[in-house]
Amino acid sequence: MNPQFLIWLAGSMAVFLSAATASRAYVSSNNILLLVLSLFLYCVGNLMMVRLMREGGLGLAISASAIAQLLLINVIAFAVFGERLTNTQLAGVGLGVVAMGLMLLPAAERS
């Protein structure tokens, strides 16, 4: 996996996490501007994902994005909104982290 892919992945994660945080803030406040901001950020994040799909392939780009979001949005939910997961849910997040690690290992050359 090249460094450019990881940089774009980090950027798209920042955008998606901002969008999810704005969505959660909208739920709490009912401020329509937060909803509009959230929708705009989701659009930007999906456009960034197109670049990731070109560089890493559809399966890797979407899977890496989904697992990174799974992990990081739970950190935000815990730290900012005070939400908690059950032990079973925490185990699921842990399995997602293991899956991400396996996906990011270098792929063997195919002949």
| request: Of the conditions (1) among the polar types (S, T, N, Q); (2) under 16 Å from the mean Cα position of the chain (by Cα); (3) open to solvent by less than 70 Å² (accessible area, probe 1.4 Å), residue 29 clears all except one; give me its number. | output: (2)
| query | Does at least one position in region 19-31 carry a residue that is more than 25 Å from residue 106 (Cβ to Cβ), part of a helix (DSSP H, G or I) and in contact with a Gly (Cβ under 9 Å, 6 or more places away or on another chain)? | reply | yes
| request: Considering each residue of region 38-72, count those that are assigned to a helix (DSSP H, G or I) and either open to solvent by less than 40 Å² (accessible area, probe 1.4 Å) or touching a Leu at 6+ places or on another chain (Cβ under 6 Å) (or both), and give that number. | output: 13
| Mind checking which residues of region 59-83 are touching a helix residue (DSSP H, G or I) at 6+ places or on another chain (Cβ under 7 Å), of a type outside the set (A, V, I, L, M) and over 15 Å from residue 9 (Cβ atoms)? | 74, 81, 83
| said: Can you confirm whether residue 17 is at negative phi and open to solvent by 90 Å² or more (accessible area, probe 1.4 Å)? | reply: no
| query | When you go through 85, 90, 105, 71 one by one, which is the residue that is farther than 20 Å from residue 20 by Cβ and among the aliphatic types (A, V, I, L, M)? | reply | 105
| Got a sec? Which of 16, 81 is among the aromatic types (Phe, Trp, Tyr) and either assigned to a helix (DSSP H, G or I) or in contact with a strand residue (DSSP E or B) (Cβ under 9 Å, 6 or more places away or on another chain) (or both)? | 16
| remark: Looking across region 75-90 at residues that are surrounded by 11 or more Cβ atoms within 10 Å (Cβ to Cβ) and free of Cβ contacts under 8 Å to residues at least 40 places away in the same chain, the single one that is nearest to residue 5 (Cα to Cα) is 75
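The values are calculated or read from the model by the stated rules, or taken from the named source; none is laboratory data. Keep in mind the model is a prediction, meaning the values are calculated, not measured. Virtual Cβ from ideal backbone geometry, glycine too; neighbours counted across all protein chains shown. The area values use the complete protein model at the heavy-atom level, side chains included, leaving out ligands, DNA and RNA. Shrake-Rupley method; radii C 1.70, N 1.55, O 1.52, S 1.80 Å.
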